[in-house]
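> There's a structure below that I have some questions on.
Bear in mind these aren't lab numbers, they're just calculated from the coordinates by the rules spelled out. Just so it is clear, the structure is predicted and the values come from calculations on it, not from any experiment. Heads up, the Cβs are rebuilt from the backbone with ideal geometry, glycines too, and the neighbour counts pull from every protein chain shown.
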Amino acid sequence: MKSPPDHASAHAAHYEFTEQVGHLLRRAYQRHVAIFQQTIPDSQLTAGQFVVMCAIQAQGPCSLSEIARATAIDQATVRGIIERLKSRELIAVSHDARDRRKVVVLLAPAGEALINEVVPFAQDITERTMGGLNPAERVALLYLLRKMSELGDDTPDTADSDSPI
C-alpha cells in the first residue's frame, strides 16, 4: 500500500466521501440500473446481458474477447452472461472452423426479436436517467464520461458482474 502524502492527515478531516467522484458515479449508476430494472419489459434481462446482445448485434458473429473489448466487461463475466443468454436461447455458440478453441457467438432469432423490443425502452431509460439535465448538460456529461473512460486504460479491469450499462 502506498504511503499517503504528509499533508494527507490534515485533509482527512475535510474529506467528504459523498462528494467524491467514485461515490457520485456509483450513485448515478445505481439510479440508472434501478430505472433499467423498473422499465425493461423482460424481467430476466439484466443491463449487462442487454449490452452484450447489442454488441453481438453490432459486430455480427464474434469471439468472447471481442465482446469483452466492445462492452468493457471482463472476459470471465462475459462467459457467465453468455451462458445465461445461451440457456434462454437468445444466442447461439459455436466453435471457429479454423481454431476449435475459439468460441464464436451470434444472436439467435429470439435474441434479435428481444433487442428490437427492448431498444425503445432502453432509449427511454437513457432519457429518464438524464431527465433533469438540459441539452448542454447532457452533452457535457457524455463528453466527460467518455473522456474519463478513455483515461484509465492502464488500470485493472474491475467491472461488476452483469452490470455494465
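> For residue 74, list long-range residues whose amide hydrogen, built 1.01 Å from N in the peptide plane, is under 5 Å from its own amide hydrogen.
159
> Amide H neighbours of residue 91 under 5 Å, counting only residues 5+ apart in sequence or on other chains, H built in-plane at 1.01 Å?
Residues meeting the amide H criterion: 86, 108.
> Treat each spin label as a single point 7 Å out from the Cα along the C-beta direction, and report the residue 83 to residue 25 distance in nm.
Modelled inter-label distance: 2.8 nm.
> Along segment 36-48, what does the Karplus equation 6.51 cos²θ - 1.76 cosθ + 1.60 (θ = phi - 60°) give for ³J(HN,Hα), rounded to whole Hz, x for Gly and Pro?
Values per residue, Gly and Pro as x: 4, 5, 6, 9, 5, x, 9, 5, 8, 8, 8, 4, x Hz.
> Fewest first, what order do 17, 50 take by the number of other Cβ atoms within 10 Å?
Values: 17 8, 50 24.
The fewest-first ordering by Cβ neighbours comes to 17, 50.
> Let me ask something else. Work out the length of the dipole vector of segment 44-118 about its Cα centre, built from +1 on the beta-carbon of each Lys and Arg and -1 on the beta-carbon of each Asp and Glu, and round it to the nearest 20 debye. Display every interim value, and only then the final one.
Values: 9 positive and 8 negative charges, 58 e Å.
For segment 44-118, the charge dipole is close to 280 debye.
> Using amide H atoms built in the peptide plane, which far-off residues or other-chain residues are under 5 Å from residue 104 H to H?
94, 95, 96
> Okay, moving on. Go ahead and run the numbers for FRET between residue 100 and residue 58, Cβ-Cβ distance against an R0 of 22 Å, rounding to 0.05. Don't skip to the end; give the middle numbers.
Details: r = 26 Å, r/R0 = 1.17.
Efficiency for this residue pair is about 0.30.
> Which one of 76, 134, 43 has its Cα pushed farthest toward the positive end of the charge dipole of segment 34-138, where Lys and Arg give +1 and Asp and Glu give -1 at the Cβ?
76
> Taking neighbour counts of Cβ atoms within 10 Å as a proxy for exposure, in what order, fewest first, do 102, 147 appear? Display every interim value, and only then the final one.
Numbers: 102 13, 147 9.
Taking fewest neighbouring Cβ atoms as first place, the list is 147, 102.
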